[in-house]
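Everything below concerns the one structure shown next.
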Amino acid sequence: MVTWEQFIYFAISSVLLWAVGAWAAWKNRPAMAYTTTVLGLLVFFAFIVSMWISLERPPLRTMGETRLWYSFFLPLAGIIVYSRWKYKWILSFSTVLALVFICVNLLKPEIHDKTLMPALQSPWFAPHVIVYMFAYAVLGAATVMAAYLLFFKAAGNRSEEYEITDNLVYVGLAFMTFGMLFGALWAKEAWGHYWSWDPKETWAAITWFAYLIYIHYRRLPKHNPHLALWILVISFVLLQMCWWGINYLPSSQGASVHVYSN
Amino acid sequence: MKEGFLIGGGLIIAGLALELGVGPVVWEAFAWPVNGIVLAGFLAIITVMFLLRKKVYAFRFIGTYEAAIPAMVYAVVLTIIMGLIRQEVDGTWLNNMLTFWPFVLIYVYIAVILGQIILRRIVNCQFSFFNLKRNIPFMLNHLGLFLAMTTATLGNADMQRVKMITTVGEPEWRAIEPGGLIKEMPLTIELKKFIMETYDDGSPKRFASEIQIQTKSGKNIETIVDVNKPCEVDGWKIYQYGYDTQMGAQSQISILELVSDPWLPFVYSGIYMMLAGAVCMFVFGGRRGDNK
(Lines give C-alpha, C1' and ligand atoms only; values in the text may rest on other atoms or scores of the structure.)
Protein backbone atom coordinates (compact mmCIF):
# COMPACT_ATOMS: atom_id res chain seq x y z
CA MET A 1 0.00 0.00 0.00
CA VAL A 2 1.44 3.36 -1.02
CA THR A 3 1.26 5.95 1.75
CA TRP A 4 2.29 9.56 2.13
CA GLU A 5 5.67 8.41 3.57
CA GLN A 6 6.69 7.14 0.13
CA PHE A 7 5.99 10.49 -1.53
CA ILE A 8 9.63 11.62 -1.23
CA TYR A 9 10.87 8.71 -3.40
CA PHE A 10 8.34 9.37 -6.16
CA ALA A 11 9.00 13.12 -5.87
CA ILE A 12 12.81 12.78 -6.15
CA SER A 13 12.54 10.44 -9.17
CA SER A 14 10.07 12.77 -10.91
CA VAL A 15 12.05 15.93 -10.24
CA LEU A 16 15.28 14.27 -11.46
CA LEU A 17 13.55 13.15 -14.67
CA TRP A 18 12.04 16.62 -15.18
CA ALA A 19 15.43 18.26 -14.52
CA VAL A 20 17.05 16.03 -17.16
CA GLY A 21 14.21 17.00 -19.53
CA ALA A 22 14.78 20.70 -18.81
CA TRP A 23 18.52 20.28 -19.44
CA ALA A 24 17.83 18.39 -22.69
CA ALA A 25 15.57 21.22 -23.86
CA TRP A 26 18.40 23.72 -23.34
CA LYS A 27 20.75 21.42 -25.27
CA ASN A 28 18.33 21.13 -28.22
CA ARG A 29 17.55 17.48 -27.65
CA PRO A 30 13.75 17.50 -27.91
CA ALA A 31 13.37 13.71 -28.11
CA MET A 32 15.14 13.33 -24.78
CA ALA A 33 13.23 16.26 -23.27
CA TYR A 34 9.88 14.69 -24.17
CA THR A 35 10.86 11.20 -22.98
CA THR A 36 12.20 12.19 -19.58
CA THR A 37 9.48 14.77 -18.86
CA VAL A 38 6.72 12.30 -19.75
CA LEU A 39 8.42 9.58 -17.68
CA GLY A 40 8.59 12.00 -14.75
CA LEU A 41 4.90 12.77 -15.19
CA LEU A 42 4.09 9.04 -15.26
CA VAL A 43 6.02 8.41 -12.05
CA PHE A 44 4.28 11.33 -10.35
CA PHE A 45 0.87 10.31 -11.63
CA ALA A 46 1.51 6.77 -10.42
CA PHE A 47 1.83 8.22 -6.91
CA ILE A 48 -1.41 10.21 -7.27
CA VAL A 49 -3.27 7.12 -8.48
CA SER A 50 -1.80 5.00 -5.67
CA MET A 51 -2.90 7.59 -3.11
CA TRP A 52 -6.35 7.61 -4.70
CA ILE A 53 -6.53 3.82 -4.29
CA SER A 54 -5.12 3.67 -0.76
CA LEU A 55 -7.26 6.60 0.48
CA GLU A 56 -10.31 5.08 -1.24
CA ARG A 57 -11.26 8.59 -2.38
CA PRO A 58 -9.82 11.13 -4.85
CA PRO A 59 -6.84 12.92 -3.28
CA LEU A 60 -8.37 16.36 -3.71
CA ARG A 61 -9.62 17.32 -0.28
CA THR A 62 -6.79 19.07 1.54
CA MET A 63 -4.61 21.92 0.31
CA GLY A 64 -1.69 19.46 0.33
CA GLU A 65 -3.58 17.19 -2.02
CA THR A 66 -4.43 19.99 -4.44
CA ARG A 67 -0.73 21.01 -4.38
CA LEU A 68 0.01 17.44 -5.47
CA TRP A 69 -2.09 17.95 -8.61
CA TYR A 70 -0.59 21.36 -9.17
CA SER A 71 2.95 19.90 -9.09
CA PHE A 72 1.76 17.38 -11.67
CA PHE A 73 0.05 19.87 -13.99
CA LEU A 74 2.94 22.38 -14.09
CA PRO A 75 5.36 20.10 -16.01
CA LEU A 76 2.38 18.86 -18.06
CA ALA A 77 1.53 22.44 -19.09
CA GLY A 78 5.27 23.00 -19.63
CA ILE A 79 5.61 20.07 -22.02
CA ILE A 80 2.48 21.14 -23.94
CA VAL A 81 3.86 24.67 -24.36
CA TYR A 82 7.25 23.24 -25.30
CA SER A 83 5.76 20.94 -27.94
CA ARG A 84 3.85 23.81 -29.55
CA TRP A 85 6.32 26.68 -29.39
CA LYS A 86 9.71 25.07 -28.65
CA TYR A 87 10.65 27.39 -25.80
CA LYS A 88 13.93 26.16 -24.35
CA TRP A 89 13.41 27.67 -20.92
CA ILE A 90 9.79 26.67 -20.26
CA LEU A 91 10.67 23.19 -18.92
CA SER A 92 13.23 24.65 -16.50
CA PHE A 93 10.59 27.03 -15.19
CA SER A 94 7.91 24.37 -14.83
CA THR A 95 10.38 22.04 -13.10
CA VAL A 96 11.48 24.68 -10.61
CA LEU A 97 7.86 25.65 -9.84
CA ALA A 98 6.84 22.00 -9.46
CA LEU A 99 9.82 21.51 -7.14
CA VAL A 100 8.67 24.44 -4.99
CA PHE A 101 5.24 22.89 -4.52
CA ILE A 102 6.74 19.45 -3.87
CA CYS A 103 9.00 20.97 -1.19
CA VAL A 104 6.02 22.69 0.42
CA ASN A 105 4.27 19.33 0.53
CA LEU A 106 7.33 17.61 2.02
CA LEU A 107 7.84 20.28 4.67
CA LYS A 108 4.17 20.81 5.50
CA PRO A 109 2.40 17.54 4.86
CA GLU A 110 -1.27 17.75 5.71
CA ILE A 111 -3.16 14.89 7.19
CA HIS A 112 -4.24 12.56 4.46
CA ASP A 113 -6.86 10.34 6.04
CA LYS A 114 -9.61 8.39 4.40
CA THR A 115 -12.52 10.49 5.59
CA LEU A 116 -14.49 12.34 2.97
CA MET A 117 -17.54 14.18 4.23
CA PRO A 118 -20.80 13.37 2.43
CA ALA A 119 -20.94 16.84 0.82
CA LEU A 120 -17.79 16.00 -1.16
CA GLN A 121 -18.95 12.55 -2.29
CA SER A 122 -20.08 13.49 -5.75
CA PRO A 123 -19.12 12.70 -9.33
CA TRP A 124 -18.52 16.46 -9.70
CA PHE A 125 -15.77 16.54 -7.09
CA ALA A 126 -12.85 15.27 -9.20
CA PRO A 127 -13.62 17.21 -12.42
CA HIS A 128 -14.35 20.43 -10.50
CA VAL A 129 -11.00 20.47 -8.69
CA ILE A 130 -8.80 18.86 -11.37
CA VAL A 131 -10.01 21.28 -14.05
CA TYR A 132 -9.34 24.21 -11.68
CA MET A 133 -5.84 22.94 -10.85
CA PHE A 134 -5.05 22.63 -14.55
CA ALA A 135 -6.35 26.18 -15.12
CA TYR A 136 -4.18 27.47 -12.25
CA ALA A 137 -1.10 25.73 -13.70
CA VAL A 138 -1.66 27.17 -17.19
CA LEU A 139 -2.36 30.65 -15.80
CA GLY A 140 0.78 30.27 -13.66
CA ALA A 141 2.71 29.64 -16.88
CA ALA A 142 1.10 32.75 -18.41
CA THR A 143 2.22 34.76 -15.37
CA VAL A 144 5.76 33.45 -15.78
CA MET A 145 5.64 34.63 -19.40
CA ALA A 146 4.38 38.02 -18.28
CA ALA A 147 7.16 38.35 -15.68
CA TYR A 148 9.73 37.27 -18.28
CA LEU A 149 8.49 39.94 -20.69
CA LEU A 150 8.27 42.60 -17.99
CA PHE A 151 11.57 42.07 -16.23
CA PHE A 152 13.97 39.91 -18.25
CA LYS A 153 13.37 40.07 -21.96
CA ALA A 154 15.40 42.75 -23.72
CA ALA A 155 13.51 45.11 -25.97
CA GLY A 156 12.89 43.91 -29.50
CA ASN A 157 10.30 41.87 -31.34
CA ARG A 158 7.96 40.38 -28.80
CA SER A 159 4.94 39.42 -30.89
CA GLU A 160 5.63 35.70 -30.55
CA GLU A 161 5.84 35.88 -26.76
CA TYR A 162 2.63 37.91 -26.60
CA GLU A 163 0.86 35.35 -28.74
CA ILE A 164 1.94 32.53 -26.43
CA THR A 165 0.84 34.49 -23.38
CA ASP A 166 -2.56 35.14 -24.97
CA ASN A 167 -2.95 31.48 -25.89
CA LEU A 168 -2.09 30.38 -22.35
CA VAL A 169 -4.66 32.80 -20.93
CA TYR A 170 -7.36 31.57 -23.31
CA VAL A 171 -6.71 27.94 -22.37
CA GLY A 172 -6.48 28.82 -18.68
CA LEU A 173 -9.66 30.89 -18.73
CA ALA A 174 -11.52 28.15 -20.62
CA PHE A 175 -10.60 25.64 -17.91
CA MET A 176 -11.37 28.15 -15.18
CA THR A 177 -14.84 28.58 -16.72
CA PHE A 178 -15.31 24.80 -16.70
CA GLY A 179 -14.21 24.66 -13.06
CA MET A 180 -16.52 27.48 -12.02
CA LEU A 181 -19.59 26.22 -13.89
CA PHE A 182 -19.02 22.58 -12.85
CA GLY A 183 -18.93 24.01 -9.35
CA ALA A 184 -22.25 25.78 -9.95
CA LEU A 185 -23.93 22.62 -11.29
CA TRP A 186 -22.53 20.62 -8.36
CA ALA A 187 -23.61 23.24 -5.82
CA LYS A 188 -27.19 22.92 -7.08
CA GLU A 189 -27.09 19.17 -6.40
CA ALA A 190 -25.33 19.46 -3.05
CA TRP A 191 -26.60 22.67 -1.45
CA GLY A 192 -29.75 23.52 -3.37
CA HIS A 193 -28.39 26.61 -5.14
CA TYR A 194 -25.94 27.08 -8.00
CA TRP A 195 -24.44 30.32 -6.71
CA SER A 196 -24.55 31.54 -3.12
CA TRP A 197 -21.77 34.19 -3.04
CA ASP A 198 -19.82 32.03 -0.66
CA PRO A 199 -16.38 33.71 -0.17
CA LYS A 200 -14.76 31.13 -2.47
CA GLU A 201 -17.39 31.87 -5.14
CA THR A 202 -16.96 35.62 -4.71
CA TRP A 203 -13.21 35.32 -5.25
CA ALA A 204 -13.75 32.92 -8.16
CA ALA A 205 -15.93 35.58 -9.81
CA ILE A 206 -13.25 38.24 -9.12
CA THR A 207 -10.53 36.09 -10.69
CA TRP A 208 -12.71 35.21 -13.68
CA PHE A 209 -13.52 38.88 -14.37
CA ALA A 210 -9.86 39.87 -13.94
CA TYR A 211 -8.78 37.51 -16.74
CA LEU A 212 -11.71 38.71 -18.86
CA ILE A 213 -10.33 42.24 -18.48
CA TYR A 214 -6.96 41.04 -19.79
CA ILE A 215 -8.53 39.35 -22.82
CA HIS A 216 -10.70 42.35 -23.70
CA TYR A 217 -7.93 44.84 -23.08
CA ARG A 218 -5.59 42.93 -25.40
CA ARG A 219 -8.22 43.21 -28.15
CA LEU A 220 -8.33 46.97 -27.84
CA PRO A 221 -6.44 48.26 -30.90
CA LYS A 222 -4.66 51.05 -29.01
CA HIS A 223 -3.61 49.27 -25.87
CA ASN A 224 -0.47 49.41 -23.79
CA PRO A 225 1.09 45.91 -23.80
CA HIS A 226 3.02 46.68 -20.63
CA LEU A 227 -0.20 47.41 -18.75
CA ALA A 228 -1.71 44.20 -20.15
CA LEU A 229 1.13 42.20 -18.61
CA TRP A 230 0.58 43.92 -15.28
CA ILE A 231 -3.12 42.98 -15.46
CA LEU A 232 -1.98 39.35 -15.77
CA VAL A 233 0.29 39.63 -12.73
CA ILE A 234 -2.51 41.24 -10.65
CA SER A 235 -4.99 38.59 -11.85
CA PHE A 236 -2.65 35.86 -10.64
CA VAL A 237 -2.37 37.53 -7.24
CA LEU A 238 -6.21 37.57 -7.06
CA LEU A 239 -6.18 33.90 -8.07
CA GLN A 240 -3.94 33.10 -5.07
CA MET A 241 -6.53 34.79 -2.86
CA CYS A 242 -9.21 32.54 -4.33
CA TRP A 243 -7.10 29.39 -4.09
CA TRP A 244 -5.71 29.62 -0.54
CA GLY A 245 -5.72 33.26 0.59
CA ILE A 246 -9.34 33.18 1.73
CA ASN A 247 -8.42 30.54 4.33
CA TYR A 248 -6.60 33.35 6.16
CA LEU A 249 -9.10 36.12 5.43
CA PRO A 250 -11.03 37.30 8.52
CA SER A 251 -14.12 38.06 6.40
CA SER A 252 -14.47 34.42 5.32
CA GLN A 253 -13.84 32.74 8.68
CA GLY A 254 -16.76 30.42 9.28
CA ALA A 255 -18.57 31.83 6.27
CA SER A 256 -17.23 29.48 3.61
CA VAL A 257 -18.36 25.97 2.84
CA HIS A 258 -15.12 25.53 0.91
CA VAL A 259 -12.82 25.10 3.90
CA TYR A 260 -12.45 21.35 4.28
CA SER A 261 -8.95 20.88 5.63
CA ASN A 262 -9.98 20.44 9.24
CA MET B 1 -11.44 54.63 -21.85
CA LYS B 2 -11.76 57.81 -19.82
CA GLU B 3 -15.43 58.08 -20.78
CA GLY B 4 -16.00 54.51 -19.65
CA PHE B 5 -14.50 55.22 -16.24
CA LEU B 6 -16.59 58.40 -15.96
CA ILE B 7 -19.82 56.52 -16.71
CA GLY B 8 -18.92 53.88 -14.12
CA GLY B 9 -18.05 56.59 -11.60
CA GLY B 10 -21.37 58.29 -12.32
CA LEU B 11 -23.19 55.03 -11.66
CA ILE B 12 -21.38 54.63 -8.34
CA ILE B 13 -22.42 58.15 -7.30
CA ALA B 14 -25.99 57.56 -8.47
CA GLY B 15 -25.95 54.31 -6.53
CA LEU B 16 -24.75 56.03 -3.37
CA ALA B 17 -27.51 58.62 -3.76
CA LEU B 18 -30.10 55.86 -4.15
CA GLU B 19 -28.69 53.99 -1.16
CA LEU B 20 -29.05 57.15 0.93
CA GLY B 21 -32.41 58.10 -0.52
CA VAL B 22 -34.39 54.87 -0.78
CA GLY B 23 -32.23 52.41 1.15
CA PRO B 24 -30.85 49.09 -0.06
CA VAL B 25 -32.23 47.16 -3.04
CA VAL B 26 -35.22 45.09 -1.92
CA TRP B 27 -34.86 41.97 -4.04
CA GLU B 28 -37.97 40.36 -2.53
CA ALA B 29 -40.02 43.02 -4.33
CA PHE B 30 -39.09 41.38 -7.64
CA ALA B 31 -41.30 38.31 -7.15
CA TRP B 32 -43.43 37.25 -10.14
CA PRO B 33 -44.91 39.02 -12.07
CA VAL B 34 -42.69 42.04 -11.27
CA ASN B 35 -39.52 40.29 -12.44
CA GLY B 36 -41.18 39.29 -15.71
CA ILE B 37 -42.24 42.91 -16.34
CA VAL B 38 -38.80 44.23 -15.34
CA LEU B 39 -37.11 41.75 -17.69
CA ALA B 40 -39.39 42.72 -20.57
CA GLY B 41 -38.77 46.42 -19.87
CA PHE B 42 -35.02 45.82 -19.61
CA LEU B 43 -34.94 44.01 -22.96
CA ALA B 44 -37.04 46.81 -24.51
CA ILE B 45 -34.64 49.48 -23.22
CA ILE B 46 -31.64 47.55 -24.58
CA THR B 47 -33.35 47.27 -27.97
CA VAL B 48 -34.27 50.97 -28.07
CA MET B 49 -30.69 51.93 -27.14
CA PHE B 50 -29.47 49.69 -29.92
CA LEU B 51 -31.87 51.18 -32.49
CA LEU B 52 -30.89 54.73 -31.53
CA ARG B 53 -27.15 53.99 -31.53
CA LYS B 54 -26.52 55.96 -34.72
CA LYS B 55 -28.29 59.03 -33.32
CA VAL B 56 -27.09 58.99 -29.72
CA TYR B 57 -23.33 58.86 -29.15
CA ALA B 58 -23.61 57.43 -25.62
CA PHE B 59 -25.61 54.42 -26.86
CA ARG B 60 -23.01 53.82 -29.55
CA PHE B 61 -20.23 54.10 -27.00
CA ILE B 62 -21.78 51.50 -24.69
CA GLY B 63 -21.15 48.77 -27.23
CA THR B 64 -17.36 49.25 -27.31
CA TYR B 65 -14.33 47.78 -25.54
CA GLU B 66 -13.75 51.25 -24.11
CA ALA B 67 -17.04 50.91 -22.22
CA ALA B 68 -16.78 47.22 -21.36
CA ILE B 69 -13.28 47.27 -19.85
CA PRO B 70 -13.89 50.04 -17.26
CA ALA B 71 -17.23 48.42 -16.37
CA MET B 72 -15.42 45.16 -15.61
CA VAL B 73 -12.76 47.02 -13.62
CA TYR B 74 -15.49 48.57 -11.44
CA ALA B 75 -17.13 45.16 -11.05
CA VAL B 76 -13.83 43.59 -9.98
CA VAL B 77 -13.07 46.36 -7.48
CA LEU B 78 -16.55 46.23 -5.92
CA THR B 79 -16.47 42.44 -5.81
CA ILE B 80 -13.02 42.53 -4.15
CA ILE B 81 -14.50 44.81 -1.48
CA MET B 82 -17.30 42.27 -1.11
CA GLY B 83 -14.68 39.52 -0.72
CA LEU B 84 -12.73 41.46 1.92
CA ILE B 85 -15.64 42.59 4.06
CA ARG B 86 -17.78 40.10 5.89
CA GLN B 87 -21.20 39.82 4.27
CA GLU B 88 -24.22 39.65 6.53
CA VAL B 89 -27.83 38.90 5.72
CA ASP B 90 -29.10 41.92 7.68
CA GLY B 91 -26.07 44.03 6.80
CA THR B 92 -26.24 47.27 4.85
CA TRP B 93 -23.87 49.11 2.52
CA LEU B 94 -20.57 47.22 2.18
CA ASN B 95 -21.71 44.48 4.57
CA ASN B 96 -24.40 43.43 2.14
CA MET B 97 -23.07 44.11 -1.34
CA LEU B 98 -25.87 42.26 -3.10
CA THR B 99 -28.32 44.94 -1.96
CA PHE B 100 -25.84 47.85 -2.31
CA TRP B 101 -26.98 50.11 -5.16
CA PRO B 102 -23.54 50.94 -6.65
CA PHE B 103 -22.73 47.21 -6.87
CA VAL B 104 -26.11 46.40 -8.40
CA LEU B 105 -25.96 49.30 -10.88
CA ILE B 106 -22.49 48.32 -12.13
CA TYR B 107 -23.64 44.76 -12.78
CA VAL B 108 -26.82 46.04 -14.48
CA TYR B 109 -24.58 48.27 -16.61
CA ILE B 110 -22.52 45.20 -17.59
CA ALA B 111 -25.75 43.46 -18.61
CA VAL B 112 -26.71 46.51 -20.73
CA ILE B 113 -23.29 46.42 -22.43
CA LEU B 114 -23.67 42.69 -23.05
CA GLY B 115 -27.11 43.33 -24.56
CA GLN B 116 -25.72 46.01 -26.90
CA ILE B 117 -22.82 43.94 -28.20
CA ILE B 118 -25.04 40.86 -28.66
CA LEU B 119 -27.56 42.80 -30.76
CA ARG B 120 -24.75 44.42 -32.71
CA ARG B 121 -23.22 41.04 -33.49
CA ILE B 122 -26.59 39.58 -34.55
CA VAL B 123 -27.10 42.43 -37.03
CA ASN B 124 -23.52 42.22 -38.29
CA CYS B 125 -23.91 38.46 -38.64
CA GLN B 126 -26.16 38.94 -41.65
CA PHE B 127 -23.21 40.45 -43.46
CA SER B 128 -20.66 37.85 -42.43
CA PHE B 129 -22.28 34.45 -42.54
CA PHE B 130 -19.02 32.69 -43.26
CA ASN B 131 -17.42 33.92 -40.08
CA LEU B 132 -19.33 31.41 -37.95
CA LYS B 133 -16.14 30.18 -36.34
CA ARG B 134 -15.90 33.54 -34.57
CA ASN B 135 -19.56 34.41 -34.18
CA ILE B 136 -20.74 31.17 -32.58
CA PRO B 137 -18.18 31.22 -29.72
CA PHE B 138 -18.89 34.93 -29.24
CA MET B 139 -22.62 34.30 -28.92
CA LEU B 140 -22.20 31.30 -26.61
CA ASN B 141 -19.95 33.27 -24.24
CA HIS B 142 -21.77 36.60 -24.23
CA LEU B 143 -25.40 35.55 -24.63
CA GLY B 144 -24.80 32.70 -22.18
CA LEU B 145 -23.48 35.11 -19.55
CA PHE B 146 -26.27 37.62 -20.23
CA LEU B 147 -28.93 34.95 -19.87
CA ALA B 148 -27.43 33.40 -16.74
CA MET B 149 -26.84 36.78 -15.05
CA THR B 150 -30.23 38.36 -15.72
CA THR B 151 -32.43 35.33 -15.09
CA ALA B 152 -30.50 34.27 -11.98
CA THR B 153 -30.80 37.77 -10.51
CA LEU B 154 -34.43 38.44 -11.42
CA GLY B 155 -35.53 34.87 -10.73
CA ASN B 156 -34.03 34.85 -7.25
CA ALA B 157 -37.17 36.35 -5.71
CA ASP B 158 -39.23 33.42 -6.99
CA MET B 159 -36.95 30.85 -5.44
CA GLN B 160 -38.45 29.12 -2.42
CA ARG B 161 -36.25 27.30 0.08
CA VAL B 162 -37.92 25.67 3.04
CA LYS B 163 -36.90 23.12 5.64
CA MET B 164 -39.03 20.17 6.61
CA ILE B 165 -38.39 18.23 9.80
CA THR B 166 -39.57 14.69 9.19
CA THR B 167 -40.03 12.13 11.95
CA VAL B 168 -40.03 8.35 11.48
CA GLY B 169 -43.55 7.14 10.77
CA GLU B 170 -45.25 10.54 10.70
CA PRO B 171 -46.30 12.08 7.38
CA GLU B 172 -45.33 15.77 7.36
CA TRP B 173 -46.76 18.49 5.12
CA ARG B 174 -45.59 21.63 6.95
CA ALA B 175 -42.29 23.30 6.22
CA ILE B 176 -40.41 26.22 7.78
CA GLU B 177 -39.64 29.27 5.67
CA PRO B 178 -36.31 31.11 6.14
CA GLY B 179 -38.13 33.76 8.21
CA GLY B 180 -39.55 31.12 10.53
CA LEU B 181 -43.09 31.09 9.12
CA ILE B 182 -44.85 27.77 8.58
CA LYS B 183 -45.75 26.93 5.00
CA GLU B 184 -48.15 24.21 3.94
CA MET B 185 -46.64 22.19 1.12
CA PRO B 186 -48.46 20.60 -1.82
CA LEU B 187 -46.96 17.26 -0.75
CA THR B 188 -46.43 15.13 2.33
CA ILE B 189 -43.23 13.34 3.22
CA GLU B 190 -42.98 10.43 5.62
CA LEU B 191 -39.59 9.36 6.92
CA LYS B 192 -39.41 5.58 6.65
CA LYS B 193 -35.87 5.21 7.90
CA PHE B 194 -32.87 7.42 8.65
CA ILE B 195 -29.63 5.92 7.33
CA MET B 196 -26.27 6.79 8.84
CA GLU B 197 -22.79 5.36 8.24
CA THR B 198 -19.63 6.61 9.97
CA TYR B 199 -15.88 6.31 9.52
CA ASP B 200 -13.70 4.66 12.17
CA ASP B 201 -13.12 8.04 13.81
CA GLY B 202 -16.86 8.62 14.09
CA SER B 203 -17.13 11.31 11.43
CA PRO B 204 -20.12 10.90 9.14
CA LYS B 205 -19.52 8.92 5.95
CA ARG B 206 -23.08 8.92 4.71
CA PHE B 207 -26.44 10.13 5.93
CA ALA B 208 -29.61 9.66 3.98
CA SER B 209 -33.36 9.38 4.34
CA GLU B 210 -35.62 6.67 3.06
CA ILE B 211 -38.83 8.58 2.42
CA GLN B 212 -42.31 8.23 1.00
CA ILE B 213 -43.68 11.24 -0.87
CA GLN B 214 -47.35 11.79 -1.66
CA THR B 215 -48.32 14.77 -3.74
CA LYS B 216 -51.59 16.64 -4.17
CA SER B 217 -51.33 15.72 -7.85
CA GLY B 218 -51.70 12.08 -6.80
CA LYS B 219 -48.13 10.82 -7.06
CA ASN B 220 -46.87 8.29 -4.57
CA ILE B 221 -43.09 7.87 -4.58
CA GLU B 222 -40.73 5.88 -2.37
CA THR B 223 -37.13 6.97 -2.65
CA ILE B 224 -33.86 7.58 -0.83
CA VAL B 225 -32.50 11.11 -0.54
CA ASP B 226 -28.72 11.31 -0.02
CA VAL B 227 -26.43 14.31 0.39
CA ASN B 228 -25.54 15.22 -3.22
CA LYS B 229 -28.43 13.12 -4.52
CA PRO B 230 -31.64 15.13 -4.24
CA CYS B 231 -34.89 13.94 -5.77
CA GLU B 232 -37.36 16.02 -7.72
CA VAL B 233 -41.15 16.02 -7.47
CA ASP B 234 -43.56 18.52 -9.05
CA GLY B 235 -40.93 21.27 -9.40
CA TRP B 236 -39.57 20.79 -5.86
CA LYS B 237 -36.08 19.41 -5.36
CA ILE B 238 -35.79 17.58 -2.04
CA TYR B 239 -32.37 17.59 -0.34
CA GLN B 240 -30.93 15.77 2.65
CA TYR B 241 -30.10 18.67 4.95
CA GLY B 242 -29.53 17.49 8.51
CA TYR B 243 -30.48 15.18 11.35
CA ASP B 244 -30.46 15.03 15.12
CA THR B 245 -26.69 15.29 15.64
CA GLN B 246 -27.06 14.45 19.36
CA MET B 247 -28.55 11.08 18.45
CA GLY B 248 -26.30 10.44 15.44
CA ALA B 249 -27.10 7.13 13.81
CA GLN B 250 -30.07 6.69 16.20
CA SER B 251 -31.66 9.92 14.97
CA GLN B 252 -35.42 9.56 14.61
CA ILE B 253 -35.71 12.76 12.62
CA SER B 254 -34.29 13.92 9.35
CA ILE B 255 -34.23 17.52 8.17
CA LEU B 256 -34.95 17.90 4.48
CA GLU B 257 -34.62 21.04 2.41
CA LEU B 258 -37.16 21.66 -0.35
CA VAL B 259 -36.22 24.05 -3.12
CA SER B 260 -38.29 25.35 -5.97
CA ASP B 261 -36.67 27.61 -8.59
CA PRO B 262 -38.92 28.17 -11.62
CA TRP B 263 -36.24 30.21 -13.43
CA LEU B 264 -33.65 27.44 -13.23
CA PRO B 265 -34.07 26.23 -16.86
CA PHE B 266 -33.18 29.73 -18.14
CA VAL B 267 -30.14 30.01 -15.87
CA TYR B 268 -29.03 26.52 -16.89
CA SER B 269 -29.36 27.30 -20.61
CA GLY B 270 -27.03 30.25 -19.97
CA ILE B 271 -24.60 28.05 -18.05
CA TYR B 272 -24.61 25.36 -20.77
CA MET B 273 -24.00 28.02 -23.43
CA MET B 274 -21.02 29.32 -21.45
CA LEU B 275 -19.68 25.77 -21.09
CA ALA B 276 -19.93 25.30 -24.86
CA GLY B 277 -18.29 28.72 -25.26
CA ALA B 278 -15.42 27.60 -23.03
CA VAL B 279 -14.95 24.52 -25.24
CA CYS B 280 -14.65 26.88 -28.23
CA MET B 281 -12.23 29.10 -26.30
CA PHE B 282 -10.05 26.07 -25.61
CA VAL B 283 -10.19 24.79 -29.20
CA PHE B 284 -9.81 28.08 -31.08
CA GLY B 285 -7.83 29.91 -28.39
CA GLY B 286 -6.65 33.42 -29.14
CA ARG B 287 -6.33 32.83 -32.86
CA ARG B 288 -7.92 35.91 -34.31
CA GLY B 289 -6.59 37.17 -37.57
CA ASP B 290 -8.98 40.11 -37.68
CA ASN B 291 -7.76 42.73 -35.26
CA LYS B 292 -4.06 42.39 -34.91
Filter pass, B:T79 being under 25 Å from A:H216 (Cβ atoms) and of a type in the set (S, T, N, Q): yes
Subset of region B:1-30 (residues that are surrounded by 14 or more Cβ atoms within 10 Å (Cβ to Cβ) and closer than 30 Å to B:S260 by Cβ): B:P24, B:V25, B:W27, B:F30
Of residues in region B:168-182 being small (G, A, S) and surrounded by fewer than 16 Cβ atoms within 10 Å (Cβ to Cβ), the one farthest from the other protein chains (Cβ to nearest Cβ): B:G169
Boolean, A:Y214 is in contact with a helix residue (DSSP H, G or I) (Cβ under 7 Å, 6 or more places away or on another chain) and more than 9 Å from chain B (Cβ to nearest Cβ): yes
Exclusive hit being in contact with a Gly (Cβ under 7 Å, 6 or more places away or on another chain) and not small (G, A, S), set A:L97, A:L76, A:L107, A:L68: A:L97
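Rundown of residues vs (1) of a type in the set (D, E, K, R); (2) modelled with pLDDT under 95; (3) surrounded by fewer than 15 Cβ atoms within 10 Å (Cβ to Cβ), yes/no style:
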site	(1), (2), (3)
B:F207	no, yes, no
B:N220	no, no, yes
B:M247	no, yes, yes
B:S254	no, no, no
B:E257	yes, no, no
B:Y272	no, no, no
B:G277	no, no, no
B:V283	no, yes, yes
Test: B:M159 is within 13 Å of the chain's Cα centre (by Cα) and within 14 Å of chain A (Cβ to nearest Cβ): yes
From the options B:E19, B:E66, residue that is assigned to a helix (DSSP H, G or I), more than 21 Å from the chain's Cα centre (by Cα) and farther than 27 Å from A:H216 by Cα: B:E19
Flag for B:L94 being in contact (Cβ under 8 Å) with a residue 40 or more places away in the chain, within 20 Å of B:I13 (Cα to Cα) and part of a helix (DSSP H, G or I): no
Any hit, region B:252-274, residues being in contact with a Phe, Trp or Tyr (Cβ under 6 Å, 6 or more places away or on another chain) and farther than 14 Å from A:G192 by Cβ: yes
Single unsatisfied condition, B:Q214 versus (1) at pLDDT 95 or above; (2) farther than 21 Å from A:A187 by Cα; (3) exposed (fewer than 15 other Cβ atoms within 10 Å of the Cβ): (3)
Close pairs (7 angstrom Cβ cut-off, 6 or more residues apart or separate chains): under 22 Å from A:L212 (Cβ atoms) in region B:121-146, modelled with pLDDT under 80 anywhere: B:N135/B:C125
Residues within region B:162-173 that are within 29 Å of the chain's Cα centre (by Cα) and free of Cβ contacts under 8 Å to residues at least 60 places away in the same chain, tallied: 1
Residue in region A:191-207 that is farthest from the other protein chains (Cβ to nearest Cβ), counting only those that are buried (at least 23 other Cβ atoms within 10 Å of the Cβ) and either out of contact with any helix residue (DSSP H, G or I) (no Cβ under 9 Å at 6 or more places or on another chain) or not β-branched (V, I, T) (or both): A:A204
Selected residue [in contact with a Gly (Cβ under 8 Å, 6 or more places away or on another chain) and assigned by TED's automatic domain parsing to the domain that holds B:I117] from B:Y65, B:Y74: B:Y74
Candidate set from region A:150-190 (those that are β-branched (V, I, T) and at the interface with chain B (Cβ under 7 Å from one of its Cβ atoms)); member that is nearest to B:I238 (Cα to Cα): A:T177
Among (1) buried (at least 24 other Cβ atoms within 10 Å of the Cβ); (2) within 12 Å of another protein chain (Cβ to nearest Cβ), the one test that A:L74 misses: (2)
Residue within region B:25-47 that is assigned by TED's automatic domain parsing to the domain that holds B:L154, of a type outside the set (K, R), under 26 Å from A:H216 (Cα atoms) and part of a loop (DSSP other than H, G, I, E, B) present: no
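The values are calculated or read from the model by the stated rules, or taken from the named source; none is laboratory data. Everything quoted here is computed from the prediction, not taken from an experiment. In this analysis, Cβ positions are derived from the backbone assuming ideal geometry, glycine residues included, and neighbour counts consider all displayed protein chains.
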